[in-house]
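Reviewing the structure listed below.
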Amino acid sequence: MKIRKDFLSLAVPDISETERREVMEALDSGWISVGPKVREFERQFAEYHKVKHAIAMSSCTTALFIAAKVLGIGKGDYVIVPTITWQSTANIVEQLDATPLFCDVSRDTLNIIPEEAESYIRKFGKKIKAIIPVHHSGLPADIDKFDQISSKHGIPVIYDAAHAVFSSYDNKMIGQFGIMSAFSFYATKNLTTGDGGMITTNDDDLAELCRIWSYHGLPKDSWKRYSSESASPHVQCIVPGYKFNLTDMQAGLGIAQLKRKDDLLSKRNFLVEYYNEILADTDWIDRPVFKTEKGKYGNHVYVIKIKDEDVDRDKFMTEMRKLNIGTNLHFYPVHLNLYYREKYPDAVLPNADFLKDRILTIPLCTKYSKEDLKYVADSMSYIYENRLAHKTILV
Ligand SMILES: Cc1ncc(COP(=O)(O)O)c(C=O)c1O
């Protein structure tokens, strides 16, 4: 096997002249913290998702935190979260002094199982103050079912849409669902601002609270205090808020990426189709589910599942690294992370347990070519056929 010279990391950001121009415009304008570009990015994002409000944040983590905070989640409350997610989904619950209830996920879609969430509701009833399903890999969770659960039990649903900027459900953009959704614009996400996040909601009051709590506790639009139209030093906080805003430099990136969204999505879909094609006969893996009856196309990450139990997944990752390919896990179950397993030792989640040594994320991003992906597929076959990651040594 001829090893490629340059390292193929899991994903790299796709930055073009359009992004450079927008960022330079922000730098030259004098508004480099929160200003008009942030408001414009919010407006365009809300328009794209056909939702009333979009409130920009410094990350999806802070977006999730603020969404839970404005729902009043705090000490003594319980919040249902999937365990196959990035730590943030659960961490923000802990940070608010509440308790995360870790829910199992589907072995196929990696999305939270609504019935498992319901069994927690039967057990803990009114103590449960929110459910935070993740649209894993951009594949929408079972939104119809969560809508039913939410109205039956009066429990709000916040969607962790970190992977799902391009996703839709029932032909509607994903930001319209639940009481709020939280998006991520981290460097390798479908749409990036370097770091950044967004809350979307159709609820006017919650939108206003999100703004206030995420910006020092100051009343709406107080960022205008330095602008010519409403200069006034007398801005007072009405709650002890945080400082979680996006900046105009980041929003410039976001606006440029939104301009390119159709290209970015179609390139992503094209590459995923190509992976599906070249991995179709690889019978020792399962390819990801990217579409359900109503949910489609996030295509954020390409997560395969290794079916052959004789393959050591971690060793497989090491062998891929030797061939100059970066891989990752989306995700190691959060309830098994050191902090959580010590605090909640009783959580038993069989599907997560099954998946934890089988899932593997292979490189995908819009900067990559068919040749890059072919190299990944060929490397996987090479490692498998030469038994470089097998547990059993043949003599
Ligand atoms: C499912 C999920 N939720 C939340 C986050 C946190 O996003 P951010 O890095 O923007 O805080 C991530 C990050 O990758 C994620 O994958």
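What follows is calculated from the coordinates using simple rules that are stated; it is not laboratory data. Every value quoted in this text rests on a predicted model; they were computed, and no experiment measured them. As a convention, Cβ positions derive from the backbone with ideal geometry for all residues, glycine included, and neighbour counts pool all protein chains shown.
Could you work out how far helix 261-278 tilts from the main Cα principal axis of the chain, as a 0 to 90 degree angle to the nearest 10?
Taking the Cα atoms of the chain, the angle to 261-278 is about 20 degrees.
Determine the gain in length on full extension of the stretch Cys237-Lys52; use 0.36 nm per residue of separation and subtract their C-alpha separation, reporting nm with one decimal.
Gain on stretching Cys237 to Lys52: 64.1 nm.
If you build a Gaussian network model of the chain, linking Cα atoms that sit under 10 Å apart, which residue out of Cys237, Cys210, Cys103 swings the most?
Cys237
Taking only C-alpha pairs under 8 Å that are 6+ residues apart, what is the relative contact order of the chain in percent?
23
For Asn269 and Glu293, calculate 0.36 nm times their separation in residues minus their Cα-Cα distance, and state this gained length in nm to one decimal.
6.9 nm
What lysines does Lys356 reach when the alpha-carbon gap must be under 16 Å and sequence neighbours fewer than 8 apart in one chain are set aside?
Leaving aside lysines fewer than 8 places away in the same chain, those within reach of Lys356 are Lys305, Lys307, Lys315.
In debye, nearest 20, what is the charge dipole magnitude of the chain about its Cα centre with +1 on Lys and Arg Cβ and -1 on Asp and Glu Cβ, if you could check?
400
For Ala56, what charge total do you get from the other residues with a beta carbon under 12 Å from its beta carbon, if Lys and Arg give +1 and Asp and Glu give -1?
With Lys, Arg at +1 and Asp, Glu at -1, the net is 0.
Taking the square root of 5 times each eigenvalue of the Cα gyration tensor, what semi-axes in Å does the equivalent ellipsoid of the stretch 261-385 have, largest first?
Those come to 26, 19, 14 Å.
Local charge sum around Leu27 (other residues, Cβ-Cβ under 12 Å, Lys/Arg +1, Asp/Glu -1)?
Once positives and negatives cancel, what remains is -1.
Explain nothing, just the number: relative contact order of the stretch 317-395, from Cα pairs under 8 Å at least 6 residues apart, as a whole percent.
It rounds to 35 percent for the stretch 317-395.
Excluding same-chain residues fewer than 8 positions from Lys267, which lysines have a Cα within less than 18 Å of its Cα?
Reachable lysines: Lys189, Lys259, Lys291, Lys296, Lys367, Lys370, Lys374.
How much length is gained if the chain between Thr18 and Phe124 is pulled fully straight, taking 0.36 nm per residue apart and subtracting their Cα-Cα distance, in nm to one decimal?
Extra length from Thr18 to Phe124 when fully extended: 33.1 nm.
Per residue and in cubic angstrom, what volume does the convex hull of the Cα atoms of the stretch 15-172 have?
134
How large is the Rg to Rh ratio of the stretch 355-395 when both quantities use alpha carbon positions and Rh follows Kirkwood?
Here Rg/Rh amounts to 1.09.
Taking the convex hull of the alpha carbon atoms in the chain, what volume per residue do you get, in Å³?
144
Which peptide among 297-306, 320-329, 116-125, 241-250 comes first, and what is the full order, when sorted by highest mean count of other Cβ atoms within 10 Å?
Top to bottom by mean Cβ count within 10 Å: 297-306, 241-250, 320-329, 116-125.
Which angle between 0 and 90 degrees, to the nearest 10, do you get for helix 60-70 versus the longest principal axis of the chain when only C-alpha atoms count?
50
Simple spin-label model, 7 Å along Cα-to-Cβ: Lys315 to Lys391 in nm?
Result: 1.0 nm between the two label points.
What shape does the stretch 157-313 take by its C-alpha gyration tensor, where a ≥ b ≥ c are the square roots of the eigenvalues and a/c under 1.5 counts as rounded, a/b above b/c as prolate, and the rest as oblate?
prolate
Net charge near Asp170, counting Lys/Arg +1 and Asp/Glu -1 over other residues with Cβ under 12 Å of its Cβ?
Charge balance in the 12 Å sphere: -1.
7 Å from Cα along Cα→Cβ at both Asp378 and Asp281: what's the point-to-point distance in nm?
Reported label-point gap for Asp378 and Asp281 is 1.6 nm.
If you take the charge dipole of the chain about its Cα centre, with +1 on Lys and Arg Cβ and -1 on Asp and Glu Cβ, which of Ser184, Val38, Ala141 is farthest toward its positive end?
Val38
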